[in-house]
Amino acid sequence: MANVTVIGAQWGDEGKGKIVDWLASRADAVVRFQGGHNAGHTLVVGEQVYKLSLLPSGIVTGTLSIIGNGVVLDPWALKAEIEKLTAQGVEINAENFAIADNCPLILPLHRDLDGLRETAAGSGKIGTTGRGIGPAYEDKVGRRAIRVCDLAHLDALDSQLDRLCAHHDALRAGFGQPPVDRAALIAELREIAPYVLQFAQPVWKRLNTVRKAGARILFEGAQGVLLDVDHGTYPFVTSSNTVSGTAASGSGLGPSQTGFVLGIVKAYTTRVGSGPFPTELEDEVGQRLGERGHEFGTVTGRKRRCGWFDAVLVRQSCAISGVTGIALTKLDVLDGFDKVRICTGYRLRGKVLDYFPAHAADQAEVEPIYEEMDGWSGTTAGARSWADLPAQAIKYIQRVQELIETPVALVSTSPEREDTILVRDPFVD
Ligand code: GDP
Ligand code: IMO
Ligand code: MG
């Protein structure tokens, strides 16, 4: 068995899309297992730039791409994304793309609620992507979701809609909003249903069939461990489990199948949205990281907050997700810095911590303890082999892997697919 599970080990945007695309040509199937179109994965192949939110990054190489049951699916966003990629020359059809028939749907009422709550929260907002992700997951665990399979039975939806609308109408009334327009919702679902249903199937079955035939399966995580609803910086998190364990429950293959866990780790730290961020830099260094790294959100266009590499957080993420090896990305963004810093611990009210505490107030208060290293004057940008890296950049990589107690499997040195250094092949581990 040579499967690989890719997860983000920070607050998302680590470069998962690039790495999944690079690995996809050697996989037989790529599966998204959580999140929704809050994700924004950018792939650069020559002159072409592909921005994916819902579709697995394997679709660009034509690899069988699957949306697993753990994803929350907005049917209209799906259609728009498929149309956009088709216009870019990517072929997407019922042969190379499938959606789990037990996927819960994101409906317009979820987007409404996401927006109403964020507006009402004012400065206390989470800073969500506004895509309705949280409300859709709430309805899933509240057992009132409409799922992909329901689109084939819209005439029998009355009692489900009663439950769903009773819940949402009460919430909407609290925000001074009119009740859900049921007739309009049913009409919209009727219109989109055939489009979604052409891809719908029991994907657990398909995955188990290809697995038995010896397929290599690549599981593509969205967001990052620090946005995990249990292990992240709660409540400033997304509403799904982003850790590697979800690859099994969110796809319909068991934990024994998830294989090598590849944690994607940016050589510095970024975060988009609200919440604690111990190594955040609001000075010209942070500005420089943001500019060099083009740190603007793919989904919302928001400026990402930037800071030094936090080894405490990444060590914690790697432990929680059982990371086998990491892909260190965006090393080139650190080119040209005289000095680089790494956070190796925290100080909290006179005590030194080697982990990130759970309580929001403590998370907000910890002060980073830094180790400083010399930067490198040569460039890593575009390097495709270890030998192309300046000695001091290699020292940085070695220090990172020592501090996070996890080896480096890949290094990424530009947005371009092929600017990637393979240190240890996750597929042949
Ligand atoms: P994802 O959400 O984890 O897939 O990451 P995003 O695509 O949201 O953000 C990563 C950004 O960095 C994208 O614009 C990528 O094209 C770019 N990127 C990925 N790897 C590298 C790298 O090694 N160097 C540089 N400079 N950019 C990279
Ligand atoms: P990728 O897959 C970075 C953040 C949002 C917000 C919080 C909750 O591209 O790494 P949500 O809309 O999920 O309820 O928002 O999570 N967030 C992400 N940040 N990358 C992402 O995905 C993200 N998806 C959600 O900014 O802080
Ligand atoms: Mg992203």
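Here are the numbers for this structure:
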{"quantity": "Rounded to 5, percent antiparallel among DSSP beta bridges of the chain", "calculated": "40 percent"}
{"quantity": "Members of Lys140/Lys351; Lys125/Lys351; Lys16/Lys395; Lys18/Lys351; Lys51/Lys351; Lys18/Lys125 lying beyond 32 Å, as alpha-carbon distances in this model show", "calculated": "Lys140/Lys351; Lys18/Lys351; Lys51/Lys351"}
{"quantity": "Total formal charge among the other residues, if their Cβ is under 13 angstrom from that of Lys266, Lys/Arg +1 and Asp/Glu -1", "calculated": "+2"}
{"quantity": "Cβ crowding within 10 Å averaged over residues, with 2-8, 246-252 ranked highest first", "calculated": "2-8, 246-252"}
{"quantity": "For the range 147-260: Kirkwood Rh in Å [reciprocal of mean 1/r, alpha carbons]", "calculated": "17.5 Å"}
{"quantity": "Cα gyration tensor shape for the range 82-210, rounded if a/c is under 1.5, else prolate or oblate", "calculated": "prolate"}
{"quantity": "Summed side-chain charge close to Gly174 - residues other than Gly174 whose Cβ falls under 13 Å, Lys, Arg +1, Asp, Glu -1", "calculated": "0"}
{"quantity": "Proximal aspartates and glutamates to Lys303, defined as alpha-carbon separation beneath 16 angstrom and excluding residues fewer than eight positions away on the same chain", "calculated": "Asp13, Glu14, Glu280, Glu282, Asp283, Glu284, Glu291, Glu295"}
{"quantity": "Fluctuation leader among Ser123, Ser57, Ser385 - the chain, Gaussian network, Cα springs under 10 angstrom", "calculated": "Ser123"}
{"quantity": "Degrees separating the helix 182-197 axis from the principal Cα axis of the chain, which is the longest one", "calculated": "60 degrees"}
{"quantity": "Projected area, mean over directions - the chain, Cα convex hull, nm²", "calculated": "20.3 nm²"}
{"quantity": "Nonlocal amide H pairs with Ile369, under 5 Å, H built at 1.01 Å", "calculated": "Thr344, Gly345, Tyr346, Arg347"}
{"quantity": "Cβ-based net charge around Ile421, under 11 Å, with every Lys or Arg adding one and every Asp or Glu removing one", "calculated": "-1"}
{"quantity": "Cα Rg over Rh - the range 288-429, Kirkwood", "calculated": "0.98"}
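Read the figures in this text as sums done on the coordinates, not as results from a lab. Computed from a predicted model, the values in this text were never measured in an experiment. Positions of Cβ are backbone-derived with ideal geometry, glycine not excepted, and every protein chain shown enters the neighbour counts.
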